[in-house]
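Just below is one structure, and these are the notes that go with it.
The values are calculated or read from the model by the stated rules, or taken from the named source; none is laboratory data. Worth saying up front: this structure is predicted, and the values here are computed from it rather than measured. As a convention, Cβ positions derive from the backbone with ideal geometry for all residues, glycine included, and neighbour counts pool all protein chains shown. Accessible surface is based on the protein model in full, side chains and every heavy atom, while ligands, DNA and RNA are left aside. Shrake-Rupley method; radii C 1.70, N 1.55, O 1.52, S 1.80 Å.
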Amino acid sequence: MNQFFTASISDTDLLISDAIHDEVRRQSDGLELIASENFVSKAVLETMGTVFTNKYAEGYPGKRYYGGCEFADVVEQAAIDRAKQIFGCEHANVQPHSGAQANMAVLMTALEHGDTILGMNLSHGGHLTHGHPLNFSGLYFKVADYGVNRETEQIDYDELQRKAEESKPKLLICGASAYPRTIDFERIGQIAQCVGAKVMADIAHIAGLVAVGLHPSPVPHCEFVTTTTHKTLRGPRAGLAMCREEFAKDLDRRVFPGVQGGPLIHIIAAKAVAFGEALSPDFKAYQQQVLDNAKALAASLAEAGLRIVSGGTDNHLMLVDVWLDGKGITGKEAEKALEAVNITVNKNTIPFDTQKPFVASGIRIGTPALTTRGMKVDEMAQIGGMIASVLHEPASDEVKSRVRREVAELTAQFPMYSSGMGSKSSEAGSAV
Ligand code: DSN
């Protein structure tokens, strides 16, 4: 037998093999609270590591530029059909390698170079691809932005309407990366109609909730809907672009050959598997638990004296103001203090932040990953207490070692990926 096809990574590349092992252990031994992260099923993970990675399949099912695509067609068609079934959209393109590329394809479909877009300000919860000056969206289009109200810290739809009337965008972009409240897609659709704009809803964060009806769907109100597939949707790291049938041909042309070359068929196959999981009744129960957990965690943090931006959460995430007008610590310090006890979050600007994005006044916390591990509201209350003790006394070694111990005890009760995945060279055969 040719060793090339049989040797494992632990036999051939110790540097990478050990890093994989260490990452398995890091994920398993820590509390993962980054709102945009999740853990995929073993089935999704397995599918990503298949021989479909060897296949070129430029084009679309039934219309490829390469021979030998009959099985690639099976998996891509399954992913398309399942995406359409989940979201009730007229057309789905499952080839975008990422959410950013899905957004780029939509902007190229809906706009000409130099047209105006109206997107949510990044520091109020928006995304780089919604008009940041250093991103393609800000480099190639004129950008107007909207945000949240200073008092409520929620989207001010009257102000959004005013901004739309003033800037007359060709495309209104909604959806966010750090917005904890329900988005009124119906109202946004009406505003766009009034000013003759099309709408792109980027539901990367809330796609799992939308999939099961726990967040209102943008599909009836928006010409284009994009998402990543790896956040609440719990699939492989990738993107998905959907649109009304009238834009289908143009969107497909913009994804390939406009923005990308050959599709990643192994990832598309994994999207199909994840979409199949999203269609199961268990997925709705999972998403409900994500919401219940977010509410419980926000409540326990608030009870411990931390300020939750906008007063709470309607979805899978919350923003915590840790700076408190100079009475607390920066987001950067909070992220670091929590990392030291194996709790992973990310620093995040809060609306009207006075700190630079790399320092920030807040942290963003989300529950999708820990909910996948099986944690429920009792564990969230416990975790809220741990986070609060570290943030109240970030310099205390005593608090840090206590919380580190509590994290170890808690994570041990919720094992993951337990089949020996990522065995370290020095511990061959050990299960992680
Ligand atoms: N970087 C992603 C997030 O963390 O929300 C968005 O692209």
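Suppose R0 equals 35 Å; then what is the FRET efficiency for F358 and A285 from their Cβ-Cβ distance, rounded to the nearest 0.05?
After rounding, the FRET efficiency stands at 0.35.
Most fluctuating residue of P281, P96, P351 in a GNM of the chain with Cα springs under 10 Å: which is it?
For the chain, modelled as a Gaussian network with Cα springs under 10 Å, the answer is P281.
Show I16, I191 ordered by accessible area, largest first, where the area counts protein heavy atoms only and the probe is 1.4 Å.
Descending accessible area places them as I16, I191.
Kindly provide the GluC sites (Glu not before Pro) of region 93-194 that DSSP labels as loop, not H, G, I, E or B, and whose Cβ sees at most 14 other Cβ atoms within 10 Å.
Taking region 93-194 and a limit of 14 other Cβ atoms within 10 Å, the loop GluC sites (Glu not before Pro) found are E112, E151.
For a quick size check, give me the Cα extents of region 1-59 along its three principal axes, largest first, whole Å.
The Cα atoms of region 1-59 stretch 42, 36, 18 Å along their principal axes.
Going Cα to Cα from K231, which lysines come in below 20 Å? Please leave out same-chain ones fewer than 8 positions away.
Within the straight-line limit of under 20 Å, K231 reaches these lysines: K42, K84, K271, K284, K295, K347, K376.
Taking amide H positions as placed in the peptide plane 1.01 Å from N, state which residues far from Y146 in sequence (5 or more) or on other chains have amide H under 5 Å from it.
It is G119, M120, N121, by chain and number.
Tell me, what is the FRET efficiency for R25 and E166 to the nearest 0.05, using R0 = 41 angstrom and their Cβ-Cβ distance as r?
In this case the efficiency is close to 0.20.
Points 7 angstrom from Cα along the Cβ direction at L134 and V74: gap in nanometres?
Here the answer is 4.5 nm between the modelled labels.
I need the phi-derived Karplus couplings for region 204-210: 6.51 cos²θ - 1.76 cosθ + 1.60, θ = phi - 60°, integer Hz, Gly and Pro marked x.
Using θ = phi - 60°, the values come out as 3, 6, 9, 3, x, 5, 5 Hz.
Work from the charge dipole of the chain (Cβ charges, +1 for Lys and Arg, -1 for Asp and Glu, about the Cα centre) and give the residue of A272, L306, P216 farthest towards its positive end.
A272
Distance from the Cα centre of region 31-105 to that of region 158-232, in angstrom?
About 23 Å separates the Cα centre of region 31-105 from the one of region 158-232.
For the chain, modelled as a GNM with alpha-carbon contacts under 10 angstrom, which of N38, N54, N135 fluctuates the most?
Sorting by GNM fluctuation, first place goes to N54.
Quick one: compute the contact order of the chain, relative version, from alpha carbon pairs under 8 angstrom and 6+ residues apart, as a percent.
Relative contact order for the chain comes out at 23 percent.
Using Cα springs under 10 Å in a Gaussian network model of the chain, which residue among L370, L233, L14 shows the largest mean-square fluctuation?
With Cα springs under 10 Å in the chain, the top fluctuation among L370, L233, L14 is at L14.
Roughly speaking, what is the stretch gain from H113 to Y65, that is 0.36 nm per residue apart minus the C-alpha to C-alpha distance, in nm to one decimal?
14.4 nm
If each DSSP helix of 4+ residues adds -39,500 (n - 2.57) and the sum is divided by the residues in the chain, what number results at 222 nm, nearest 500 deg cm²/dmol?
Here the helix-only value at 222 nm equals -12500 deg cm²/dmol.
Search the structure for amide H atoms under 5 Å from the amide H of V322, placed 1.01 Å from N in the peptide plane, and list their residues when 5 or more places away or on another chain.
G362, I363
Search the structure for amide H atoms under 5 Å from the amide H of V199, placed 1.01 Å from N in the peptide plane, and list their residues when 5 or more places away or on another chain.
Correct list: L172, E223, F224.
Using the Karplus curve 6.51 cos²θ - 1.76 cosθ + 1.60 with θ = phi - 60°, what ³J(HN,Hα) values do you get for each residue of region 271-277, in whole Hz, with x for Gly and Pro?
4, 4, 5, 5, 5, x, 5
Could you give the accessible area per residue of the chain, probe 1.4 Å, as a whole number in Å²?
Result: 44 Å² per residue.
Read phi for every residue in region 220-233 and hand back ³J(HN,Hα) as whole Hz from Karplus 6.51 cos²θ - 1.76 cosθ + 1.60, θ = phi - 60°, with x for Gly and Pro.
After applying 6.51 cos²θ - 1.76 cosθ + 1.60, I find x, 10, 10, 5, 10, 9, 10, 7, 7, 10, 10, 8, 4, 6 Hz.
Describe numerically, in nm with one decimal, the distance between label points set 7 Å from Cα along Cα→Cβ at K142 and at C194.
In this crude spin-label approximation the distance works out to 2.1 nm.
What size of dipole, in debye to the nearest 20, comes out for the chain about its Cα centre when the only charges are +1 on Lys and Arg C-beta atoms and -1 on Asp and Glu C-beta atoms?
380 debye
How many angstrom lie between the C-alpha centres of region 258-295 and region 315-338?
Here the two parts' Cα centres lie 29 Å apart.
Could you work out the mean projected area of the convex hull around the alpha carbons of the chain, in square nanometres to one decimal?
Projected over every direction and averaged, the Cα hull of the chain covers 21.7 nm².
Using only the heavy atoms of the protein chains and a 1.4 Å probe, how would E303, E339 rank by accessible area, largest first?
From most accessible down to least: E303, E339.
Less than 20 Å from a label point 7 Å out along the Cα-to-Cβ axis of Y56: which backbone N atoms in region 76-113 qualify, by residue?
76, 95-97, by backbone N distance to the label point.
Subtracting the Cα-Cα distance from 0.36 nm times the residue separation, let me have the gained length for T182 to R253 in nm, one decimal.
22.3 nm
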